[in-house]
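The structure under discussion appears below in the form of structure tokens.
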Amino acid sequence: MAAAWQDVVRDAAAVREAAAVAVDAALLAGVLMRTGEQPQASDVVNYAPFTLLPSAVPQDLFEQAYSVQQDFNLLVDAISQNREFLEQTLASTIKVDDFTARLFRIYMKVLEEGLAQTVFLGINRSDYMFDCGLDGTAALRQIEINTIAASFGGLTSRTADVHRLVLKVLGKTEEASQLLPNNPAKRLALGIAKAWDLYGSQRAVVMFLVEDVQRNIFDQRCVENELWNRNIRVVRKRFRDVFEQGSLDASRRLYVDGQEVAVVYYREGYVPQVYDQQNWEARLLLERSRAVKCPDIATQLAGTKKVQQELSRPGTLEKLLPGRPEAVARIRATFAGLYSLDEGEEGDRIAARAIADPDLFVLKPQREGGGNNLYGEELKEVLEKIKDSPERTSYILMDKIKPQPALNYLLRAHSPLEMSECISELGIFGVYVRKGQELVLNQAAGHLLRTKAIEHADGGVAAGVAVLDTPYLV
Ligand code: ADP
Ligand code: MG
């Protein structure tokens, strides 16, 4: 990718000056996070880590990512309604992966009882990297789609202003004016508001289901405040609160602490560690309720790595989106190579290839949140150990994407200002609302660019590896 800022990136004095301005601008704009030392209070806060310079992103790939987002919304929504597909696809996984199995059991229970929920809200983020081919051209490759708790739509709504100022300080006024406006917070809130409205009770609240430790609270507040602007009440509750204060009435309306809940927006619930027995019970209660869950349990399952891998099989997309060949083609054009490790010859063959050439692949378990994937030597070791056991079924293999690095500075509180070779990951937010069988809203809702130093194979912003960025289209 074009190195956009060659003339300034090595100018130490200019960089130091711009970094000081950038940090203050981030604080002023509200690009904030609570500190590791005081994650439960907002008395002392830091700026969320971000790049000094916006990163170059090829305009055609950026546009491609936006133009496929409504297709991905349709696809996720279709999968969430396709019991046969989810059952078949996850059959091997749930035999060996306890977390997916427990989610799946809730899914089955809810279906057996019959859905009380009639309005559906999806907020997802499809993530991509720019794979650099041998001839130097870049291609858009999907890393994954996040169907639960896709974050940073709030903070990223405020980072473009910071980068605009930095470019001006560096004498790049013209380039500054080209940075795109971006406001996922507003558009995600619009989706939540629509679902709240269709639920049809003025008294009812939107419940953010939040973590015990809430370092990233400001990102959530951005969306929350947009709802308050629309005079929609928001409450923040943890699974534990739902366990202690939650109940359903005869028509399965959800009440928490005496308040009716129209929409449950999960910003928690995607890692096994949060679930003890009581929290699993709380999750089941929420899923059984009439409240709009964002996402419902089926949509969470639609976002598993196993589902992603099965989607890449020839013919699968066509079955899930019948009569939409153009959408299928747009979606497929973003896929990297994905491989099943199910028991059998196909799995044996790809496992052997990955052991022989581990740097070409990524080994992924059914986990979210960063830091779970295996690369290189570690991939090889683990795969050698599990290749003849059913355990390998809990993983998938994926082609490793190799983007062209660019120089930048990652600004982090209490860290020295150092130049790094960096790679970026572009996320596009999607939002959709369905009432019964009628899709009433289907939109791309903005973007997120995250950038990390090349020495880190894995991990997002919350995991402390990647930082917030702004695309500069080239
Ligand atoms: P998670 O659900 O933990 O976020 P991801 O699939 O998004 O899992 O992987 C986490 C990180 O690992 C990504 O943000 C990316 O940096 C890196 N990664 C994942 N898949 C690939 C791949 N195929 N090639 C290169 N890097 C990858
Ligand atoms: Mg990810």
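Filter the range 373-420 down to residues that are farther than 23 Å from residue 98 by Cβ, in contact with a helix residue (DSSP H, G or I) (Cβ under 9 Å, 6 or more places away or on another chain), surrounded by 15 or more Cβ atoms within 10 Å (Cβ to Cβ) and free of Cβ contacts under 8 Å to residues at least 40 places away in the same chain, then give me how many there are.
The qualifying residues number 1.
Among (1) of a type in the set (A, V, I, L, M, F, W, C); (2) farther than 21 Å from residue 115 by Cβ; (3) crowded, with 20+ Cβ neighbours inside 10 Å, there is one condition residue 213 misses while meeting the rest; what is its number?
Result: residue 213 passes all but (3).
From the residues in the range 98-128 that are farther than 13 Å from residue 428 by Cβ and within 21 Å of the chain's Cα centre (by Cα), which one is farthest from ligand 2 (Cβ to nearest atom)?
So in the range 98-128, the residues farther than 13 Å from residue 428 by Cβ come out as 98-122.
Adding the requirement that they be within 21 Å of the chain's Cα centre (by Cα) leaves 99-100, 103-104, 120-122.
Values: 99: 17, 100: 17, 103: 18, 104: 21, 120: 23, 121: 21, 122: 17 Å.
Top of the filtered list is 120.
For the range 222-237, give me each residue that is under 23 Å from the mean Cα position of the chain (by Cα) and surrounded by fewer than 20 Cβ atoms within 10 Å (Cβ to Cβ).
The first filter runs over the range 222-237 and keeps only residues under 23 Å from the mean Cα position of the chain (by Cα), leaving 222-227, 234-237.
225, 235, 236, listed by residue number.
Quick check on my filter: what residues within the range 119-156 are within 14 Å of ligand 1 (Cβ to nearest atom) and outside any strand (DSSP E or B)?
Those that are within 14 Å of ligand 1 (Cβ to nearest atom) and outside any strand (DSSP E or B): 147, 148, 149, 150, 151, 152.
Output the residue which, of all residues in the range 367-387 that are closer than 29 Å to residue 269 by Cβ and modelled with pLDDT of 95 or more, is farthest from ligand 1 (Cβ to nearest atom). Lay out the reasoning, then the answer.
Taking the range 367-387 first, the residues closer than 29 Å to residue 269 by Cβ are 367-375, 378-379, 382, 386.
Narrowing the set further to residues that are modelled with pLDDT of 95 or more leaves 373-375, 378-379, 382, 386.
Working: 373: 5, 374: 10, 375: 8, 378: 13, 379: 11, 382: 16, 386: 19 Å.
Filtering first and then ranking leaves 386.
Only one residue in 114, 122, 136 is modelled with pLDDT under 95 and either among the aliphatic types (A, V, I, L, M) or out of contact with any Cys (no Cβ under 6 Å at 6 or more places or on another chain) (or both). Which one?
Numbers: 114 fails: modelled with pLDDT under 95; 122 fails: modelled with pLDDT under 95.
That would be 136, the only listed residue that is modelled with pLDDT under 95 and either among the aliphatic types (A, V, I, L, M) or out of contact with any Cys (no Cβ under 6 Å at 6 or more places or on another chain) (or both).
Count, please, the residues in the range 63-103 that happen to be open to solvent by less than 20 Å² (accessible area, probe 1.4 Å), touching a helix residue (DSSP H, G or I) at 6+ places or on another chain (Cβ under 9 Å) and in a helix (DSSP H, G or I). Explain how you work it out, then say what you get.
Narrowing the range 63-103 to residues open to solvent by less than 20 Å² (accessible area, probe 1.4 Å): 65, 68-69, 71-73, 75-77, 79-80, 86, 89-90, 93, 97, 99-101, 103.
Now restrict to residues that are touching a helix residue (DSSP H, G or I) at 6+ places or on another chain (Cβ under 9 Å): 68, 71-72, 75-77, 79-80, 86, 89-90, 93, 97, 99-101, 103.
Within this subset, residues satisfying the condition of being in a helix (DSSP H, G or I) are 71-72, 75-77, 79-80, 86, 89-90, 93, 99-101, 103.
Total meeting the criteria: 15.
Looking only at the range 332-361, count every residue that is touching a residue at least 40 places away in the same chain (Cβ under 8 Å) and either within 16 Å of ligand 2 (Cβ to nearest atom) or not in a helix (DSSP H, G or I) (or both) and tell me the total. Full working, then the answer.
Quick first cut of the range 332-361, residues touching a residue at least 40 places away in the same chain (Cβ under 8 Å) only: 333-343, 347, 350-351, 354, 359-360.
When the remaining residues are screened for being either within 16 Å of ligand 2 (Cβ to nearest atom) or not in a helix (DSSP H, G or I) (or both), the result is 333-343.
Number satisfying all stated conditions: 11.
Among the residues of the range 132-148, what is the count of those that are under 22 Å from residue 312 (Cα atoms), more than 16 Å from ligand 2 (Cβ to nearest atom) and either touching a residue at least 60 places away in the same chain (Cβ under 8 Å) or of a type in the set (Asp, Glu) (or both)? Step through it out loud before you land on a result.
Applying the first criterion (under 22 Å from residue 312 (Cα atoms)) to the range 132-148 yields 132-133, 138-148.
Within this subset, residues satisfying the condition of being more than 16 Å from ligand 2 (Cβ to nearest atom) are 132-133, 138-139.
Subsequent filtering for residues that are either touching a residue at least 60 places away in the same chain (Cβ under 8 Å) or of a type in the set (Asp, Glu) (or both) retains 132, 138-139.
Count: 3.
Which residues, taken from the range 421-448, are within 12 Å of ligand 1 (Cβ to nearest atom), of a type in the set (A, V, I, L, M) and either without any contact (Cβ under 8 Å) to a residue 12 or more places away in the chain or open to solvent by less than 10 Å² (accessible area, probe 1.4 Å) (or both)? Please lay out each step first, then the result.
Filtering the range 421-448 down to residues within 12 Å of ligand 1 (Cβ to nearest atom) leaves 422-427, 448.
Then drop every residue that is not of a type in the set (A, V, I, L, M), which leaves 423, 426, 448.
The answer is 426, 448.
Scan the range 321-346 residue by residue and report those that are in contact with a helix residue (DSSP H, G or I) (Cβ under 8 Å, 6 or more places away or on another chain) and under 19 Å from residue 67 (Cα atoms).
To start, the set of residues in the range 321-346 that are in contact with a helix residue (DSSP H, G or I) (Cβ under 8 Å, 6 or more places away or on another chain) comprises 321, 324-325, 327-328, 330-335, 338-343.
321, 324, 325, 327, 328, 330, 331, 332, 333, 334, 335 - these are the residues of the range 321-346 that are in contact with a helix residue (DSSP H, G or I) (Cβ under 8 Å, 6 or more places away or on another chain) and under 19 Å from residue 67 (Cα atoms).
Suppose the filter is surrounded by fewer than 18 Cβ atoms within 10 Å (Cβ to Cβ), part of a helix (DSSP H, G or I), away from ligand 1 (no atom under 16 Å from the Cβ) and under 24 Å from the mean Cα position of the chain (by Cα); does residue 329 pass it?
Working: surrounded by fewer than 18 Cβ atoms within 10 Å (Cβ to Cβ): yes; part of a helix (DSSP H, G or I): yes; away from ligand 1 (no atom under 16 Å from the Cβ): yes; under 24 Å from the mean Cα position of the chain (by Cα): yes.
Yes: the conditions hold for residue 329.
Kindly provide the set of residues from the range 149-165 that are within 16 Å of ligand 2 (Cβ to nearest atom) and either under 10 Å from the mean Cα position of the chain (by Cα) or of a type outside the set (Val, Ile, Thr) (or both), ordered by number. Step through it out loud before you land on a result.
Our first condition is that a residue be within 16 Å of ligand 2 (Cβ to nearest atom); within the range 149-165, this holds for 149-153, 156.
Those that are within 16 Å of ligand 2 (Cβ to nearest atom) and either under 10 Å from the mean Cα position of the chain (by Cα) or of a type outside the set (Val, Ile, Thr) (or both): 149, 150, 151, 152, 153.
Within the range 238-287, restricting attention to residues that are part of a helix (DSSP H, G or I), within 25 Å of residue 221 (Cβ to Cβ) and among the hydrophobic types (A, V, I, L, M, F, W, C), which residue is most open to solvent (accessible area, probe 1.4 Å)? Before you say what the answer is, go through the steps one by one.
Of the range 238-287, the ones part of a helix (DSSP H, G or I) are 239-245, 272-274, 277-287.
With within 25 Å of residue 221 (Cβ to Cβ) added as a condition, the list becomes 239-245, 273-274, 279, 282-283, 286.
Filter once more, so that each one left must be among the hydrophobic types (A, V, I, L, M, F, W, C): 239, 242-243, 274, 282, 286.
Details: 239: 6, 242: 1, 243: 74, 274: 31, 282: 2, 286: 0 Å².
Once the filter is applied, the top-ranked residue is 243.
Exactly one condition in (1) closer than 29 Å to residue 272 by Cα; (2) assigned by the TED database to the domain that holds residue 191 is false for residue 435; which is it?
Answer for residue 435: the failing condition is (1).
What tally of residues in the range 449-474 results from selecting those that are open to solvent by 60 Å² or more (accessible area, probe 1.4 Å) and within 16 Å of ligand 2 (Cβ to nearest atom)?
2
Would you say residue 397 is more than 16 Å from ligand 2 (Cβ to nearest atom), outside any helix (DSSP H, G or I) and over 19 Å from residue 310 (Cα atoms)? Can you show your working first?
Values: more than 16 Å from ligand 2 (Cβ to nearest atom): yes; outside any helix (DSSP H, G or I): yes; over 19 Å from residue 310 (Cα atoms): no.
When the stated conditions are applied, residue 397 does not pass them.
Is there a residue in the range 306-315 that is open to solvent by less than 50 Å² (accessible area, probe 1.4 Å), of a type in the set (A, V, I, L, M), in contact with a Lys or Arg (Cβ under 6 Å, 6 or more places away or on another chain) and closer than 19 Å to residue 397 by Cα?
First pass over the range 306-315, keeping only residues open to solvent by less than 50 Å² (accessible area, probe 1.4 Å): 306-312, 315.
Then keep just the ones that are of a type in the set (A, V, I, L, M); that gives 307, 311.
From what's left, in contact with a Lys or Arg (Cβ under 6 Å, 6 or more places away or on another chain): none.
Within the range 306-315 (the criterion being open to solvent by less than 50 Å² (accessible area, probe 1.4 Å), of a type in the set (A, V, I, L, M), in contact with a Lys or Arg (Cβ under 6 Å, 6 or more places away or on another chain) and closer than 19 Å to residue 397 by Cα), the answer is no, since none of the residues qualifies.
Looking at the range 458-474, I want the residues that are in a loop (DSSP other than H, G, I, E, B) and have a partner that is at pLDDT below 80 and surrounded by fewer than 24 Cβ atoms within 10 Å (Cβ to Cβ) with Cβ atoms under 6 Å, at least 6 apart or on another chain. Which pairs are those?
Hits for this filter: 465/459; 466/460; 474/2.
The values are calculated or read from the model by the stated rules, or taken from the named source; none is laboratory data. Being a predicted model, the structure only gives us computed values, none of them experimental. For neighbour counting, all protein chains shown are included, and Cβ atoms are generated from backbone atoms with ideal geometry for every residue, glycine included. Keep in mind that these areas ignore ligands, DNA and RNA; they rest on the heavy atoms of the full protein, side chains included. Shrake-Rupley method; radii C 1.70, N 1.55, O 1.52, S 1.80 Å.
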